[in-house]
Amino acid sequence: MRTFLLGIIITLLSITGSHAATRIASLHPLLSDMARQIGGSEVEVVNLFPENGELHAFEPTASDIAAAAGAKLVLACGLGVEPYLQDLRDSLPADTRIVELGSSVPVVLLPGSHIADPHWWNSPAAMKRASRTLRAALESIAPSRKACFAAGQRTYAAQMDELIREARLAFARIPQEKRVLVCSHAAMNHFCKDFGFKALAIHGIAHESEGDPASLAHILAHLRQYTIPCLFYGVNESPKVLETIASQIGAKIRPLALDGIYPAAPAYTDLFRFNIRNIAEGLGQATAQENDSKQH
């Protein structure tokens, strides 16, 4: 009988001491990854972004809104990435909070404009800053789990610091005059600011470039001011336009996860290392070959 009663007491204690994970919805896969890293088992993350979705074309469906309705937080990139946010707010319960993590990140303007580049996730330093904002938001809705969130955020921040070190080491072989990063669209300005690259974007040089001979000629004239060994296109984009341009200037092309969406690398650390590797090989190998030719 004593053993039976002890078993009942232990069971009751385990039930009363347990708690449900905090439900969070996310509008970008990298924010989902961040929430899982920081929240661990204390959070249940619902990723609303479709696996093969396009960042600037995505808009939540009725089923997405239904999935987000039970969430305490909805994580958004902010900075204009989600133009539908106000409509989403109106569709959610009053106690569901939308957190725009990009609002805590310093603004980086597109070259020669007053327009902010909203692709802040291409900077690990910005991701580290945003992780502190997420930690504070989690603590506000689940203060009893503060220690867990703090530990998760410290680990996440250390991962971002390691990515910064890896990137600086990988780019060390590229001299400053060769650090020209030409991408299919203007998405790497935060990255370029962090690592000392000049950012050029094909669709920043000419917005209507496909099938337009005048625009193509303008792009080629602009790029020929530099020695460009490699052009970079979005991993989920067609490389057709860049292939045409690259063939005219003797360059190669490589993919980058410009919009932070790459199903093959859902974790930010893997995605950013993918970008580091392609940039270092695309620009660094050309520099090494040039040095070899000078020596011989």
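The values are calculated or read from the model by the stated rules, or taken from the named source; none is laboratory data. Being a predicted model, the structure only gives us computed values, none of them experimental. Here the Cβ positions follow ideal geometry from the backbone for every residue, glycine too, while neighbour counts run over all protein chains shown. For the accessible areas, the whole protein counts, side chains as well, though only heavy atoms, and no ligand, DNA or RNA atoms are used. Shrake-Rupley method; radii C 1.70, N 1.55, O 1.52, S 1.80 Å.
Summary table
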| quantity | calculated |
| --- | --- |
| Spin-label pair residue 67/residue 218, simplified geometry with 7 Å Cα→Cβ offset, distance in nm | 4.0 nm |
| Nitroxide proxy distance, nm - points 7 Å out along Cα→Cβ at residue 161 and residue 44 | 3.5 nm |
| Segment residue 244-residue 113, length gained on full extension (0.36 nm per residue, minus Cα span) | 44.4 nm |
| In the chain, lysine pairs with alpha-carbon atoms under 19 angstrom apart (chain gap of 8 or more, or interchain) | 9 |
| Integer Hz, Karplus 6.51/-1.76/1.60 couplings in order for region 226-235, x for Gly and Pro | 10, 9, 10, x, 8, 10, 10, 10, x, 4 |
| Alpha-carbon Debye profile of region 25-77, log10 I(q)/I(0) at 0.14, 0.16, 0.25 Å⁻¹ | -0.33, -0.43, -1.00 |
| Residue 177-residue 270 FRET efficiency (beta carbon distance; Förster radius 25 Å; 0.05 resolution) | 0.20 |
| Charge dipole (the chain, unit charges on Cβ, about Cα centre) - positive-most of 184, 140, 279 | 140 |
| Mean residue ellipticity (222 nm) of the chain, computed from DSSP H runs ≥ 4 via -39,500 (n - 2.57), nearest 500 | -14500 deg cm²/dmol |
| Within region 108-144: backbone nitrogen closer than 20 Å to the residue 94 label point (7 Å, Cα to C-beta) | 141 |
| Carbon plus sulfur fraction of accessible area for the chain, probe 1.4 Å, in percent | 54 percent |
| Paramagnetic label zone (point 7 Å from Cα along Cα-to-C-beta, residue 281; backbone N under 18 Å) in region 217-238 | 229-237 |
| Ranked by how many other beta carbons lie within 10 Å on average, peptides 187-198, 171-182 from highest | 187-198, 171-182 |
